[in-house]
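Here is the structure we will look at, set down as structure tokens.
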Amino acid sequence: MSGIVGIFNRDGAPVDRGLLQALARFLDYRGPDAREVWVQDAVGFGHTMLRTTRESLNERQPTGLDGRFWITADARVDCRAELLAELECAGQKASRTMSDPVLILHAYAAWNEECVQRLRGDFSFAIWDIRNQRLFCARDHFGIKPFYYAEIGETFIFSNTLNCVRLHPSVPDELNDAAILDFLLAGLNCDNATTTFRDVRRLAPAHSLAISAEGSCVKRYWEPPIDGRIRYRRDEEYVEHFRALLKEAVADRMRTDRVGIFLSGGLDSSSIAATARELMDASSEQADLRAYTSVYESLIPDSEGSFAKKVAEHLRIPIRVLALDDVKPFERWDDAKIAWPEPIEDPFFADLFDVFQIIGGDCRAVFNGEGNDALMSFQMVPYARDLLRRREWRQLVNRTTGFLRVRHLPWRGVLTRGQKVFGKGPLAPVLPTWVSPRLAKPRQMRERWAEAKRLADGRRHPVVPRAHASLQLPQWTHLFETNDPGVTRFPVEVRYPFLDLRIVDYLLAIPPFPWFYEKELLRRAMAGRLPGEILCRAKTPLAGDPLMAQLRRPETAWIDQVEWNEEIDRYVGRSEVPKLAGEESPAKARTHIRPLCLNFWLQFARRVGYNLSAEVRNG
């Protein structure tokens, strides 16, 4: 998770080297190993290095190729052997010892902007093409690596850290009302192309941006496929193929001497841990794998820790259990060391920084099991319709009867489905009374929700539509950026093996039954590799709600008597916000705490500044 920053003056004005150095210096916490800048006339790149792979041990950035291309990148390239073979066929002399950013440069030299079609992995980068005087930027398929930018007059500023872009003297601090409204209604900004700040934008996942003196162009280069179709004669072939892909995905993310894993005791993270253990045992290279699990010991019932310990013991992995019981709502909200760049709806945000501080003392990369729940989201009806449409009668009968044999009675979901049909279910947007009428104009809201629905319905997978659509939810961008050092402020790179493109393509192409039903594919793939009680364990949510438990405590009564920031009146009617003490509904508590989250964020964001101009003068 190295830090990257760059400036491009489209009018040809020279880049202020001192300003660029100051921006790069701000990113030191992201990359403690080295800091360098490169400037050529109207373009300048800065980089702070965090070495997280064996190939990066001798890496330097910004770096160039053939005197024509320069790059600053936060990148980990997967499928390196395949990419090297393609580069050789394209006439590029690349070697397996090259760092990932240099491989990206060779890919750009071979295929220009189409290089993103050949890249696999997590990346955020900018390439300057000296001959064509053109800047090319790209963000990986799922947006795991952030990329922010601003176009102010003739100046283009970018970074993988939001606050770094904001520190440029030309970037104003005006807020984006649409993003604030999204936060108040949904708990996050639902537009992957914008931020909370009016003039700072995101490069959305799977998008590239080309910019020159003539203008700029943003393009989407990838979408989750809808036409994949893999059908085997034997069930064992599905399991073997998946197991091989998972091993490749984990191996590509284990190119380091020490790696951690968020181990919950559930099937997903345990499967990654088991695969990593298997790779370590088969490798001649020394590697250190350690686990971390966050638990509640007294605040609410929580059995995750005991399951995680059983997995760790079975796999011979040291584990550290991190208790979250003592973190209070809005604890340390005014601490600059844990300041959020954008509003966050989690009142227990301080625990995130504590967890990453602990992990950062042990390792620089950590696995996360997110992604598989979405990809294995089970639906039988679309699958049956597809078999009917294709007239695959034998499969239709076999799969339907097999499903009916194992399916529990469906009555529990009938009411929920009926509510959704009539617009009264959880998918219907609800406008709290405390949202300012100035912010929530009914016509604009209807238009925005209609556009969101149109985009969601635009490309539907014929067999697994929910799994396919879930990959494009803004919650993913929010999750990845929350776990990024730009927020956590600790140099720890989070890696997501289940969001490897090989696994995504495979799971979108195989039959959902029986493989997605209660994660049958993963259970069979891990048979003999994990304890039986983990393989048989159903996915279980927390037995209690930490927020509700805290709100019942007398010492939390202050939360209904907070000091309001004056700016909050633009967005919230203070007198309309209900009291949280005594609230019995977790859903209502989560909704009504958002004005308080915004209030605390506004107070801190407006109070604390960063005197960049002074640093530039003294730099």
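The values are calculated or read from the model by the stated rules, or taken from the named source; none is laboratory data. Predicted model only: the values in this text are computed from it and were never measured. Neighbour counts are summed over all protein chains in view; Cβ atoms, including those assigned to glycine, are modelled from backbone coordinates with ideal geometry. Only protein heavy atoms, including side chains, enter the accessible area calculation; ligands, DNA and RNA are left aside. Shrake-Rupley method; radii C 1.70, N 1.55, O 1.52, S 1.80 Å.
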>> Just to be sure before I move on: is Val5 β-branched (Val, Ile, Thr) and either over 29 Å from Val494 (Cβ atoms) or open to solvent by 20 Å² or more (accessible area, probe 1.4 Å) (or both) in the structure I sent?
In response: no
>> Take the residues in region 335-360 that are at pLDDT below 90, open to solvent by 20 Å² or more (accessible area, probe 1.4 Å) and of a type in the set (A, V, I, L, M); name whichever of them is farthest from the chain's Cα centre (by Cα).
In response: Ala336
> For region 252-294, which residues satisfy the criterion of being of a type in the set (A, V, I, L, M), under 18 Å from Lys539 (Cβ atoms) and out of contact with any strand residue (DSSP E or B) (no Cβ under 6 Å at 6 or more places or on another chain)?
Replying inline: Leu267, Ala274
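Tell me, yes or no, whether region 350-367 has at least one residue that is β-branched (Val, Ile, Thr), touching a residue at least 24 places away in the same chain (Cβ under 8 Å), part of a loop (DSSP other than H, G, I, E, B) and closer than 30 Å to Arg76 by Cβ.
From region 350-367, those β-branched (Val, Ile, Thr) are 355, 358-359, 366; that's our starting set.
From what's left, touching a residue at least 24 places away in the same chain (Cβ under 8 Å): 355, 358-359, 366.
Within this subset, residues satisfying the condition of being part of a loop (DSSP other than H, G, I, E, B) are none.
Checked region 350-367: no residue is β-branched (Val, Ile, Thr), touching a residue at least 24 places away in the same chain (Cβ under 8 Å), part of a loop (DSSP other than H, G, I, E, B) and closer than 30 Å to Arg76 by Cβ.
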>> With the requirement that a residue be open to solvent by less than 10 Å² (accessible area, probe 1.4 Å) and either in a strand (DSSP E or B) or in contact with a His (Cβ under 8 Å, 6 or more places away or on another chain) (or both), what does region 134-165 give you?
In response: Leu135, Phe136, Cys137, Ala138, Arg139, Ala150, Phe156, Ile157, Phe158, Ser159
> When Leu175 is evaluated against the numbered criteria (1) touching a residue at least 24 places away in the same chain (Cβ under 8 Å); (2) more than 17 Å from Thr477 (Cβ to Cβ); (3) open to solvent by less than 30 Å² (accessible area, probe 1.4 Å), which criterion, by number, is the only one it fails?
Replying inline: (1)
>> For region 489-518, give me the residue count where each residue is surrounded by fewer than 23 Cβ atoms within 10 Å (Cβ to Cβ) and part of a helix (DSSP H, G or I).
In response: 7
> Does any residue in region 524-544 that is open to solvent by 70 Å² or more (accessible area, probe 1.4 Å) come within less than 8 Å, Cβ to Cβ, of a residue that is part of a loop (DSSP other than H, G, I, E, B) and among the basic types (Lys, Arg) six or more places away or on a different chain, and which pairs are these?
Replying inline: none
> What pairs come up if the first residue lies in region 93-117 and is touching a residue at least 60 places away in the same chain (Cβ under 8 Å), the second is buried (at least 24 other Cβ atoms within 10 Å of the Cβ), and their beta carbons are under 8 Å apart, counting only those six or more places apart or on different chains?
Replying inline: Val116/Ala138
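Filter region 184-219 down to the residues that are open to solvent by 50 Å² or more (accessible area, probe 1.4 Å), closer than 23 Å to Val572 by Cβ and in contact with a strand residue (DSSP E or B) (Cβ under 8 Å, 6 or more places away or on another chain) and list them by number.
The one that is open to solvent by 50 Å² or more (accessible area, probe 1.4 Å), closer than 23 Å to Val572 by Cβ and in contact with a strand residue (DSSP E or B) (Cβ under 8 Å, 6 or more places away or on another chain): Arg198.
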> If you take the residues of region 475-486 that are open to solvent by less than 20 Å² (accessible area, probe 1.4 Å), out of contact with any Phe, Trp or Tyr (no Cβ under 8 Å at 6 or more places or on another chain) and outside any loop (DSSP other than H, G, I, E, B), which of them is nearest to Ala204 (Cα to Cα)?
Replying inline: Thr477
> Residues in region 301-324 that are assigned to a loop (DSSP other than H, G, I, E, B) and surrounded by 16 or more Cβ atoms within 10 Å (Cβ to Cβ): how many?
Replying inline: 3
> Hey, Gly67 hits all of (1) of a type in the set (Gly, Ala, Ser); (2) open to solvent by 40 Å² or more (accessible area, probe 1.4 Å); (3) closer than 27 Å to Ser212 by Cα; (4) in a helix (DSSP H, G or I) but one; which does it fall short on?
Replying inline: (4)
> Looking only at region 88-102, which residues are at negative phi and surrounded by fewer than 23 Cβ atoms within 10 Å (Cβ to Cβ)?
Replying inline: Glu88, Cys89, Ala90, Gln92, Lys93, Ala94, Ser95, Arg96, Thr97, Met98, Ser99, Val102
>> Whether any residue in region 265-273 is assigned to a loop (DSSP other than H, G, I, E, B) and over 25 Å from Arg51 (Cβ atoms) is what I want to check.
In response: yes
>> Filter region 551-568 down to the residues that are open to solvent by 100 Å² or more (accessible area, probe 1.4 Å) and not in a helix (DSSP H, G or I) and list them by number.
In response: Arg552, Glu563
